[in-house]
Amino acid sequence: IDIGANVGFTSIDVFTKNSNIKQIICVEPVKNSFLCLEKNTSNFKDKLLFNFALGKDNSTKSIYVDNSNQGNASLVKSMMNTSKYNSYHTEEIKVKSVNDFFLEIKDRIINQQLIIKIDTQLYDELIFSLLPEEIIKNTHMVCFEFTHLDKIKGPKFSSEMFSKNLDYFNYIWSEDLGKITKEELIKMCSKDNNIKYSETDIYLIR
């Protein structure tokens with residue numbers, strides 16, 4: 001399940017290199033990226049593609065898309081401060097609640113062992129905290145992007161729900177930081193003032 005799939009490079013790579021991956025489910029809100037995602041996965045039979053973002057509630061919002069890097073698309077305007085040429089445009093997109101999304105795909109993932117990748121430019125911790133218990137129980141790995149940059153803040157999320165979902169995983173790792181304890185990750189994601197500014201992928205493994 002690829003949340004923030006962009007044009008599908010990660011899903012395609014994982015799907016083609018691992019014979020035990022049976023299907024891909026991709027969520028991508030940006031129109032042009034979604035059109036590329038459709039073309040790039042056109043030869044795949046077992047797929048579901050959704051052209052919306054995920055969040056806490058169902059709504060319509062503006063998404064900000066970096067003109068120098070379409071992979072940098074965020075519901076948080078301050079992420080555009082990282083634009084190479086300080087140039088971006090906006091699109092009106094549909095946002096579906098995390099709970100409603102998983103209800104929608106429930107029949108396709110029932111009794112399946114899941115891998116979830118989240119790369120949503122600052123919404124990662126919120127989405128992870130909102131993953132339903134029945135989904136977390138069947139998830140064997142989560143990869144999300146930790147982003148802590150100067151003067152750039154993501155949406156608020158429940159540290160209690162985040163911590164509860166972390167309890168389902170036994171190993172936390174980052175290529176940049178190595179093994180991380182649960183307490184260290186919670187401190188990082190709380191954006192404590194003592195945490196260094198950085199971007200890194202966090203792997204949660206059962």
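The values are calculated or read from the model by the stated rules, or taken from the named source; none is laboratory data. All figures in this text were calculated on a predicted structure; none of them were measured in a lab. Because the Cβ atoms are built from the backbone with ideal geometry, glycine has one as well, and the counts that use them run over all protein chains shown. Just the protein is used for accessible areas: all its heavy atoms, side chains included, with ligands, DNA and RNA removed. Shrake-Rupley method; radii C 1.70, N 1.55, O 1.52, S 1.80 Å.
Okay, here's what the table says:
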read-out: Subset of the stretch 57-81 that is open to solvent by less than 70 Å² (accessible area, probe 1.4 Å) and assigned to a strand (DSSP E or B) - its residue that is farthest from Arg108 (Cα to Cα); value: Asp66
read-out: Verdict on Ile25 being touching a helix residue (DSSP H, G or I) at 6+ places or on another chain (Cβ under 9 Å), in contact (Cβ under 8 Å) with a residue 12 or more places away in the chain and either more than 25 Å from Pro132 (Cα to Cα) or buried (at least 18 other Cβ atoms within 10 Å of the Cβ) (or both); value: yes
read-out: Sole exception among (1) under 19 Å from Glu199 (Cα atoms); (2) of a type outside the set (D, E, K, R); (3) in a loop (DSSP other than H, G, I, E, B) for Phe169, by number; value: (1)
read-out: Matching entry among Ile180, Ile109 (being more than 17 Å from the chain's Cα centre (by Cα), surrounded by 16 or more Cβ atoms within 10 Å (Cβ to Cβ) and under 18 Å from Leu54 (Cβ atoms)); value: Ile109
read-out: Any hit, the stretch 82-97, residues being modelled with pLDDT under 95, assigned to a helix (DSSP H, G or I) and either in contact with a Leu (Cβ under 6 Å, 6 or more places away or on another chain) or not small (Gly, Ala, Ser) (or both); value: yes
read-out: Members of the stretch 28-56 that are touching an Asp or Glu at 6+ places or on another chain (Cβ under 7 Å) and either closer than 21 Å to Leu130 by Cα or in a loop (DSSP other than H, G, I, E, B) (or both); value: Val30, Leu49, Asn51
read-out: Single match in Ser129, Ser198, Ser174 (criterion: exposed (fewer than 14 other Cβ atoms within 10 Å of the Cβ), hydroxyl-bearing (Ser, Thr, Tyr) and under 29 Å from Ile12 (Cα atoms)); value: Ser198
read-out: Residues of the stretch 139-161 satisfying the condition of being of a type outside the set (A, V, I, L, M) and in a strand (DSSP E or B); value: Thr139, His140, Cys143, Phe144, Glu145, Phe146, Thr147, His148
read-out: Which numbered condition Asp150 fails, given (1) of a type outside the set (Phe, Trp, Tyr); (2) open to solvent by 60 Å² or more (accessible area, probe 1.4 Å); (3) more than 17 Å from the chain's Cα centre (by Cα); (4) more than 17 Å from Ser74 (Cβ to Cβ); value: (4)
read-out: Residues that are modelled with pLDDT of 95 or more, touching a strand residue (DSSP E or B) at 6+ places or on another chain (Cβ under 9 Å) and of a type in the set (Phe, Trp, Tyr), drawn from the stretch 150-206; value: Tyr168, Phe169, Tyr171, Trp173, Tyr203
read-out: Tabulated pairs, the stretch 56-69, first within 16 Å of Val7 (Cα to Cα), second among the charged types (D, E, K, R), C-beta under 7 angstrom, 6+ apart or interchain; value: Val65/Glu91; Ser68/Lys84; Asn69/Lys84
read-out: Residue that is of a type in the set (Gly, Ala, Ser) and touching a helix residue (DSSP H, G or I) at 6+ places or on another chain (Cβ under 9 Å), where the choices are Ala73, Ala53; value: Ala73
